[in-house]
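S.K.: The following block contains the structure, expressed as structure tokens.
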Amino acid sequence: MTDFIFHCAGNYQLSAKIYNDSTKHVLVGHTDTLEIQVTPDTLYRTQMIQNNDILNITPSIAQIESTDPNNQQSEIYIQLVFTTTNLYEYSTPYIQFDYVTATGPNSYSYQFSDSIRLESFPFAFGNGIKSIVDGAVGLHGLKFGVPAKLTIVWLDTIFEGTVTLLNQNQWTTTWDNSGSVKMMY
């Protein structure tokens with residue numbers, strides 16, 4: 001199997017000669033000629049987040065079972081699933097959010113860049129398909145009943161609220177859903 005990458009737009013003809021092995025160079029066959037039209041479209045590593053897009057956050061309780069035989073207690077934490085409302089070129093999971101994480105005691109911050117990454121660059125899986133972008137993060141180290149500050153920077157705007165793990169089965173948030181970052185309940 002051979003891959004070809006074209007760097008310039010144009011019309012190309014592709015054919016191959018087939019030899020029996022690399023030492024004797026005895027021609028055993030050849031392929032037909034294939035006409036290839038390469039358009040001037042350029043595949044970029046990123047695509048801009050649409051300025052009217054809404055980031056949806058869906059919290060849920062998650063659990064990691066302990067593998068330590070001396071400590072059988074599992075960790076309970078809150079998982080946040082991020083999804084866009086708008087659709088982007090190519091298909092999930094090959095398009096991903098690009099963000100920076102900062103955590104501290106009872107503080108979690110996610111600063112999203114203005115772009116969506118193409119994880120398979122220079123190849124584009126799902127070419128011609130549009131899909132939402134999704135991703136997930138875990139808020140580890142939460143203590144029952146203690147609110148943790150959650151900061152999201154989306155499209156250069158800061159959104160803040162709190163997330164509280166109440167017990168093994170319940171959580172609560174304080175969040176203003178009037179902006180472009182919405183907490184989904």
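Read the figures in this text as sums done on the coordinates, not as results from a lab. Keep in mind that this is a model prediction, so the values were computed, not measured. Cβ: placed from backbone, ideal geometry, glycine included. Neighbour counts: every protein chain shown.
S.K.: Within the chain, which is the longest segment containing none of the trypsin sites (Lys or Arg not before Pro) that sit in a DSSP loop and have at most 15 other Cβ atoms within 10 Å?
M.R.: Counting only loop sites that pass the neighbour cut-off, the longest clear stretch is 46-142.
S.K.: For the stretch 1-70, just say rounded, prolate or oblate: build the C-alpha gyration tensor, square-root its eigenvalues into a ≥ b ≥ c, call rounded for a/c under 1.5, and beyond that prolate if a/b exceeds b/c, oblate if not.
M.R.: Working: a/c = 5.48, a/b = 1.71, b/c = 3.21.
Note, shape of the stretch 1-70 comes out oblate.
S.K.: Okay, moving on. Around residue 181, what is the net charge, scoring Lys/Arg as +1 and Asp/Glu as -1 over all other residues with Cβ under 11 Å from its Cβ? Could you put the intermediate results ahead of the total?
M.R.: Values: positive: 182; negative: 53, 160, 176.
Spelling it out: positives minus negatives among the neighbours equals -2.
S.K.: Cut-off is 10 Å between beta-carbons; in what order do 110, 19 appear when sorted fewest neighbours first? Please list the in-between numbers first.
M.R.: On the way: 110 23, 19 12.
Starting with the residue having the fewest Cβ neighbours, the order is 19, 110.
S.K.: Using DSSP to define loop residues, name the GluC sites (Glu not before Pro) in the stretch 12-80 whose beta-carbon has at most 15 other beta-carbon atoms within 10 Å. Numbers along the way, then the final one.
M.R.: Working: sites: 35, 65, 75; in loops: 65.
In loop regions of the stretch 12-80 (DSSP not H, G, I, E or B), the sparsely surrounded GluC sites (Glu not before Pro) are 65.
S.K.: Among residues other than residue 155 whose Cβ falls under 14 Å from its Cβ, what is the net charge (Lys/Arg +1, Asp/Glu -1)? Don't skip to the end; give the middle numbers.
M.R.: Working: positive: 182; negative: 53, 98, 114, 156.
Combined, the nearby Lys, Arg, Asp and Glu give -3.
S.K.: Let me ask something else. Which of these, 93, 59, 105, has the largest mean-square fluctuation under a Gaussian network model of the chain (Cα springs below 10 Å)?
M.R.: Of 93, 59, 105, the most mobile in the Gaussian network model is 105.
S.K.: How far apart, in nm, are two points set 7 Å out from the Cα along the Cα-to-Cβ line at residue 18 and at residue 177?
M.R.: 6.1 nm
S.K.: If neighbour count is taken as other Cβ atoms inside 10 Å, put 76, 95 in order from fewest to most. The partial results should precede the final answer.
M.R.: On the way: 76 17, 95 27.
Exposure proxy ranking, most exposed first: 76, 95.
S.K.: While we're here: With each pseudo-label sitting 7 Å past Cα toward Cβ, what's the residue 64-residue 134 distance in nm, one decimal?
M.R.: Between residue 64 and residue 134, the simple spin-label model gives 2.2 nm.
S.K.: Using Cβ contacts closer than 10 Å as the measure, can you line up 181, 163, 137, 26 from fewest to most? Don't jump to the answer; show the numbers that get you there.
M.R.: Numbers: 181 25, 163 22, 137 17, 26 8.
So the residues, fewest neighbours to most, are 26, 137, 163, 181.
S.K.: Report, in whole Å, the centroid distance computed from the Cα atoms of the stretch 4-26 and the stretch 79-134.
M.R.: One Cα centre to the other: 37 Å.
S.K.: If you take every residue apart from residue 106 with its C-beta less than 14 Å away from the C-beta of residue 106, what net charge results, scoring Lys and Arg +1 and Asp and Glu -1? Intermediate results must be reported in sequence, preceding the final value.
M.R.: Working: positive: 143, 149; negative: 160.
That sum, taken over residues with Cβ under 14 Å, equals +1.
S.K.: Then there is this: Which FRET efficiency, nearest 0.05, do residue 115 and residue 87 yield, Cβ-Cβ r, R0 22 Å?
M.R.: Numbers: r = 15 Å, r/R0 = 0.70.
Rounded to the nearest 0.05, the efficiency is 0.90.
S.K.: Hey, got the dipole for the stretch 1-131? About the Cα centre, +1 on K and R Cβ, -1 on D and E Cβ, debye to the nearest 20?
M.R.: On the way: 5 positive and 13 negative charges, 55 e Å.
So the dipole magnitude of the stretch 1-131 works out to roughly 260 debye.
S.K.: What distance in nm separates the simple spin-label points at residue 5 and residue 149, each placed 7 Å from Cα in the Cβ direction?
M.R.: For the pair residue 5/residue 149, the computed spacing is 4.4 nm.
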